Each structure stands twice: as C-alpha cells, then as structure tokens.
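Step one of this worksheet: look at the structure below.
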Amino acid sequence: PRPWGPLSLGAQLVLYASAWAGYVCHRRGRPVRWLTVPFYFCFGNAAMLAGLLRYTLRRNRVPWERAR
C-alpha cells in the first residue's frame, strides 16, 4: 500500500497544530521561536486568501489613479 495519503495528512495536521500553538503563544505575549514559522506561514496564506476573496467578491471596484 501507498502511505503517502495518511503521511501527508499527518504532516498537514502537525503544521496546523503548530501554527495554532504559535498563535496562542503569540497572543499570550510569549512567542516561541520555532512556532513562529508555521504561524506566520499559515497566517500569511489566510491573509492572501482573504484578500483574493475580497477582490473577487467586491462589486464596486475603484480604479487605480496615478499619484502626483
């Protein structure tokens, strides 16, 4: 049998669990150095997804204007 499915799911769960632990430590004011990497990685991806959804679902788009 191929163990890649359960192995990748386990790795993803470890990543999300460590990101959550990094978030909790950051909110408490005691960031742990090795937990900040998965926290900022997941936080950055979530922010990118939120920006993409906001851009695609927005009905009244404002055109860019060149600054003087």
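The values are calculated or read from the model by the stated rules, or taken from the named source; none is laboratory data. Source: prediction; values computed, not measured. Cβ coordinates were reconstructed from backbone atoms using ideal geometry, including for glycine residues, and neighbour counts include every protein chain displayed. Side chains included, ligands, DNA and RNA excluded: accessible areas come from the protein's heavy atoms. Shrake-Rupley method; radii C 1.70, N 1.55, O 1.52, S 1.80 Å.
What the table below lists for this structure:
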read-out	value
Total residues in the stretch 26-68, condition more than 17 Å from TYR16 (Cβ to Cβ) and outside any helix (DSSP H, G or I)	15
Sole exception among (1) modelled with pLDDT of 95 or more; (2) open to solvent by 60 Å² or more (accessible area, probe 1.4 Å); (3) of a type outside the set (Ser, Thr, Tyr) for PRO3, by number	(1)
Boolean, VAL14 is aliphatic (A, V, I, L, M), modelled with pLDDT of 95 or more and either surrounded by 11 or more Cβ atoms within 10 Å (Cβ to Cβ) or not in a helix (DSSP H, G or I) (or both)	yes
Scope the stretch 35-68; condition over 16 Å from the mean Cα position of the chain (by Cα) and among the hydrophobic types (A, V, I, L, M, F, W, C); matching residues	LEU57, VAL62, TRP64, ALA67
